[in-house]
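For reference, the structure is listed below as C-alpha cells.
The values are calculated or read from the model by the stated rules, or taken from the named source; none is laboratory data. From a predicted model like this one, the values you see are computed outputs, not experimental measurements. Every residue, glycine as well, gets a Cβ built from its backbone with ideal geometry; the counts of neighbours run over all protein chains shown. These area figures cover heavy atoms from the full protein model, side chains too; ligands, DNA and RNA do not enter into them. Shrake-Rupley method; radii C 1.70, N 1.55, O 1.52, S 1.80 Å.
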Amino acid sequence: MPENSKRLILANGEEYLKPISKTTKGGPAKLPRTYQEARDRMKSQVVEALDRFAALPSRKRYDDEAVLCLRLHPDRTAKTYDPKGIFEAVRDLENVGSRNYKTKAGEVAQTERIKKQLTKEIEEITGRLVFIRSNDAGFRRLLKMLDQSELQLSKEFCVDVRGTECFDLLKGSEQLHFPDEWKEGRVELVLHPSKRDHAEQMNFFRRLFDRSNGPERRLRAAPYPDGPTFISCYLNRSGLEALADTNPLRAAHPLVFAGLEELRSAPMFAAPPPSVATTRSAIRVGIFDGGIDVSHPHLKTHAEQDEDLSIETPPDLNCIAHGTAVAGAVLYGPLNGHDTKQPLPTPQVSVVSVRTLPTSSKTDPDLYECIDIIEAAVPARKDVMFWNISFGPRGPITDDSISRFTYALDTLAVAHKVSFCVAVGNDGDVGPDLNRIQSPSDLVNGLGVGAHTHLKGEVIHAGYSCQGPGRECGKTKPEVTAFGGCDQFPIQLIAFKKGQKVLTHGTSFASPQVAALAGQALGRVERSSALLARALVVHTARHPSSKPDSLLGYGAIASSFDEVVRCEANHVTICFQGELLAKKHTKLPVLLPENVVNVGMVTITWTIVALPPVNALHPADYTALCIEDAFYPHCEFYEFRPPKGVLGSTAKRLHIKNDADEIKGLLAQKWKKSEMPLTDSSKYRTEHQQRSSEQKWEPLVKKLVRKDAESLRNPFLVLHAIPRQGASGRLDFAAVVSIHAPKFGGDLHDIILRRYPALQPVRLRAEAELRVHV
C-alpha cells in the first residue's frame, strides 16, 4: 500500500469501556505446617532472634528499636499473604517493608510445590520476608500470644503463624551487595524507616566508623516520607565490614559513576550543514546530561539550557561534548546516511537541557547531587513531559533493593505525570552477572532503552548493551531499543567541534532517539499523554522474532513518527485512555465487528501501560497497583462444570446457541455455567506463574494472539485493577489495540469507523500550531 494511503490510528476507544461484575476466584492455599508445629518453631526463633539482637555491639543497633525478619514459606510469595493477622493481634509490631530471600528447597517445609521443584533439580528457591519493627516489649507480647490456646486466637493469626518459615535477623550477606574484589568507593546505603529523627539516624551511622574508614566528610542523605532513607557515602573495605549486621540497615551496594563516554578524542568527519529553519518546535524533550553548547550551529535554534535549574559546578568540556551529542540525537537522530552537503531536516522537537554534570568532585563524583537537580527541575519545567537520562551508576541492579535514582524517577513520574527514557548501560559484554541493566533504567514508570546495530540489514542486539531481566514489577528490560552503533557500524552524531560529526557507539545515544519519538507521540497527537505516548512507542516496536526477550525487549522502535500513527486499511489500531478503579473489572472491547472478517488468520495485539504508585520499602512488591488482563476470543462459548461429587464427568465447552438443548439438560442436572465466556488466558495460576509468564504487577505489558477468524466473535479484554499495600483510588492507564486481518479484502479501517461512530482518527496538530519563531 502506498505511504499516502495509510490510515491514521483511531482515538476515543475509551467511549466503549464498560464496568463489569466478575467474581475473583481462588481458594485458600494449603498451609505448610500445623499450628502446633509452627507455633513452637516461631517461639524458639523469636527468642533466638532477640538474643542475637541483644548481643550485637551497641554501635550496630538502637537500644529500643529492633527490626526482625519474618520469612514466609516460599509458597506464600503473594502480597495477600502479608501477616496482617499477626499485626492485628500485636499492635506493637509494625510492618516496615519486605523483600525476597533465597533459600535451599530442601530446608523448608516440603509442600507439593517444593517437592516438584526438587524433582526438577531446582535447589534454590525464592521466598518473601517481611521486616517487623518493634521494641523488646513488643516482641515479648508476640511470645505471650503464642502461649495462648489456638482456640483463643483469631483464624488470621493462626494462618499467619502456620505460613511462616522462619523468624530471624537479616544476615550481613543479605545486606551487602558487593563483589569480592571491591576495595573502596562510593556506596549507597538504604535504611529502614525509624521512629528516630533524621539527625539521630545520621549520628548513629557516623558512630559506626572510625576515622580511618569513616564517610564523615563525604556523606549525603536523602530521607523520603513514609519510605526509606538513602545515604551516599565513600567507604573502604574495613568501613564496609563495619556495616555488616547493622540492624537499621536494609541494604548497601556500590554507587560508582565511571563518567561519560569520551567523545572529544573519537574519530570525526565533516557534518551535514544545520537545518535552515528559523523556527523551533513547541514540543520540548528534556535532557539531564553534561550540558550543551547553546551557540553550536546545529543546536542554537532548536535547543536551550536552563541555567537556573542546572548544577552550579563549572562546566566541563567532556561533559558538554556528551550532552551536545545526546541533544543532537534527540533533534536529528543518527547522522548516518545524511549527505554532508545537504542541510539536515528541520527537527520535529526541541531540546531543554538541564546540566547535571560534573558533580562537585571529579575524583569522587556523587550522583546524589544529580538526583537533587532532577527532583527540582521536573516539577519546575511543566512544559516538558519526556526526559532523557543517558548516565547512571555503573554496575548491575540488585533484586533486593531499589536505588534512590530509580525511586526518585518513578515517584516523579507519578506525581507529575511525566515519563523518562533511560539508557540501560554499556556493560553488556563484560560477562555473566555483570552485564545486567543498570540503575535507573530499572524504573517501572518509564522506558529502559537498549541499543541495537545491524548485520546484513537485520536488527541485532549490540553486544555492549546491557541485558535484562529487570527486577520484579519490571522484568521486561530493556523495553525497546534504538540504533546505538557498534565498532563495525558506528553511530554518527553532532560533535562538540563545530562542523564535525563524531563516530561512536553506546546506549547513551539510543535512548534520546526514543525520547524524541515519544515526545512527538505526545506533542503531535491531540489529547495524547505521556502514558499513551509510551504505549504507542512500545506497541509499534518490532522484534525480529516477534517475541520479547532480555536483549531487545519488545524490539526496535519505529523508524519514523508516521509508522507510529498510521497503518494499513486491514491493520487497524485503536487507542484507549482513562482511569480504572482499584479492585474493579472493566471490559475493553477489541472492536472487531461481527460477521465481517470470516477468513484467514487475525492477529490481535494489545499494549497496556499504567502509572502505579511505587514503594521502595517493598522491592519485590514495588508497584502498589497493577492491571491484570484476560483475553476472551468468543462471546458465545462458555464452560459448564458438573456438580461436585459427580464421578466421571468433566467440564464441557459449549456454544450457548448451537448447543442450547444440551445446555438446558445440563442445567437441569445442576451443572454450573461459567460466569464469563471462555478465556484464552490461563486459569488457576500461582502468584509465581503469573509473575514469571504473565507479567503480573508490571505497569507495561504487550501481548499478541493469532486466531482463525471463525473463532472470533465480539472478542474483548477484561482489565482488573489489583491493589496491594493498602492502595486504593484510581489508576491512570492507556491501552493500544491492533487488529490485523491480512486476508480480508475490504477496508476494515472504514468498516470499524462506521460501526463504532465514537471512534475518530487521531488529530495531528498542524505544523503552524507547533512552530515558534526564534
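Points to keep in mind about this one:
- Each of Ala530, Ser511, Leu552 was placed along the dipole of segment 509-568 (beta-carbon charges, centred on the mean Cα), and the one lying farthest toward the positive end is Ala530.
- Student exercise, the chain dipole from Lys, Arg, Asp, Glu Cβ charges, in Debye to nearest 20: 1880 debye
- Reachable aspartates and glutamates, given that their alpha-carbon falls under 17 Å from the alpha-carbon of Lys707 and they are not under 8 places away in the same chain: Glu594, Glu636, Asp680
- Accessible area per residue in Å² at 1.4 Å probe, computed on segment 322-414: 29 Å²
- With contributions of -39500 (n - 2.57) from each DSSP H run of at least four residues, the per-residue ellipticity at 222 nm computed over the chain stands at -6500 deg cm²/dmol.
- Set of lysines with alpha-carbon distance to Lys362 below 24 Å, sequence-local pairs under 8 removed: Lys183, Lys497
- Here the chain has 49 percent of its accessible surface on carbon and sulfur atoms, given a 1.4 Å probe and all protein chains in place.
- Spatial separation of Cα centroids for segment 570-649 and segment 347-409, in angstrom: 35 Å
- Distance (nanometres) between label positions extended 7 Å along Cα→Cβ at Arg237 and Ala660: 8.2 nm
- Under the Debye formula (equal points on every Cα, no solvent term), log10 I(q)/I(0) of segment 274-388 at q = 0.12, 0.13, 0.20, 0.23 Å⁻¹: -0.43, -0.49, -1.04, -1.28
- Nonlocal amide H pairs with Arg771, under 5 Å, H built at 1.01 Å: Ala282
- Trypsin sites (Lys or Arg not before Pro) within segment 182-279, DSSP loop, no more than 12 other Cβ atoms inside 10 Å: Lys183, Lys195, Arg211
- For segment 370-502: rounded, prolate or oblate by the Cα gyration tensor [a/c cutoff 1.5]: oblate
- Three-way shape label, segment 321-420, alpha-carbon gyration tensor, a/c 1.5: prolate
- Global geometry of the chain, whether rounded, prolate or oblate, following the gyration tensor of its Cα atoms and the 1.5 cut on a/c: oblate
- Along the chain, longest interval not containing exposed GluC sites (Glu not before Pro), exposed being DSSP loop plus at most 16 other Cβ atoms within 10 Å: 313-525
- Looking at segment 461-531, the accessible area is 26 square angstrom per residue; that uses a 1.4 Å probe and ignores ligands, DNA and RNA.
- Projected label points at Asp487 and Lys670, each 7 Å from Cα along the beta carbon direction, are separated by 7.4 nanometres.
- Residue-normalised accessible area of segment 260-310, given per residue in Å² at a 1.4 Å probe: 40 Å²
- Long pairs among Lys652/Lys703; Lys84/Lys652; Lys30/Lys672; Lys79/Lys116; Lys341/Lys456, criterion Cα-Cα beyond 31 Å: Lys84/Lys652
- Amide H contacts under 5 Å for Leu678, placed H, 5+ residues apart: Phe637, Tyr638, Glu639
- Here the Karplus curve 6.51 cos²θ - 1.76 cosθ + 1.60, taken at θ = phi - 60°, turns the phi angles of segment 234-251 into couplings of 9, 10, 9, 5, 5, x, 5, 5, 5, 6, 3, 6, 5, 5, x, 8, 7, 7 Hz, with x standing for Gly and Pro.
- In order through segment 762-768: 3J(HN,Hα) via Karplus (6.51 cos²θ - 1.76 cosθ + 1.60), integer Hz, x for Gly, Pro: 4, 8, 8, 5, 5, 3, 5
- Partners for Lys6 among lysines (Cα-Cα distance below 20 Å; same-chain residues under 8 apart left out): Lys743
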